[in-house]
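The values are calculated or read from the model by the stated rules, or taken from the named source; none is laboratory data. As the structure is a prediction and not an experimental result, all values here were calculated from the model. Cβ coordinates were reconstructed from backbone atoms using ideal geometry, including for glycine residues, and neighbour counts include every protein chain displayed. Each accessible area value is taken on the protein alone, full model and side chains, heavy atoms only, with ligands, DNA and RNA left out. Shrake-Rupley method; radii C 1.70, N 1.55, O 1.52, S 1.80 Å.
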Amino acid sequence: MEILRHAASIFVGFASGVIVAGAVFAFITAVGVVPRLAQKTKTNQHIRIYEMAIGLGGLLGVAAVTMQIYLPIGTPAVVILSLFVGIFLGCLAMSLAETLNVIPIFTRRARLQRGIFFLILAIAIGKMAGSLMYFLVPGFFDTGNM
């Protein structure tokens, strides 16, 4: 019985991670960070390197959180990582600011003509429910409760 609980926990964790990672990378792709960055810096021939760097950064970030790797503040590694994270977030914010019409483009491409209200409402309710569970129910997302 205990093995089934652990297997279910592993499955749910893996599936959730795949969904969240897919959503994040789909968002980055939809916003157009990589092509816009390559276009602005006139380095279109290096798009593959940008994509690999984003993917490896995500993997290393997950590994650091999962393995609880902490670096003392002020070390050169933290300064360099902070610089890279700041550059990435700045590029993401600028790309998002230029393409704020992501939902209208998605609804046109998906040929979604009715129910847009419910799509946006479902996203908002899901975000709200997750936030409330996280902040109001202590230990709700701990793996020991599965």
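Restricting attention to helices (runs of 4 or more DSSP H) lying wholly within segment 1-120, give those where 3 or more residues are under 18 Å from the mean Cα position of the chain (by Cα), closer than 30 Å to Asp142 by Cα and modelled with pLDDT of 75 or more. Walk me through it before giving the result.
Values: elements: 2-31, 33-41, 47-66, 76-98, 102-109.
Correct list: 2-31, 47-66, 76-98.
Going by the structure shown, is Leu37 surrounded by 14 or more Cβ atoms within 10 Å (Cβ to Cβ) and touching a Cys at 6+ places or on another chain (Cβ under 8 Å)?
Values: surrounded by 14 or more Cβ atoms within 10 Å (Cβ to Cβ): yes; touching a Cys at 6+ places or on another chain (Cβ under 8 Å): yes.
The answer is yes for Leu37.
With the requirement that a residue be open to solvent by less than 40 Å² (accessible area, probe 1.4 Å) and among the aliphatic types (A, V, I, L, M), what does segment 40-68 give you?
Of everything in segment 40-68, those that are open to solvent by less than 40 Å² (accessible area, probe 1.4 Å) and among the aliphatic types (A, V, I, L, M) turn out to be Ile54, Ala63, Ala64.
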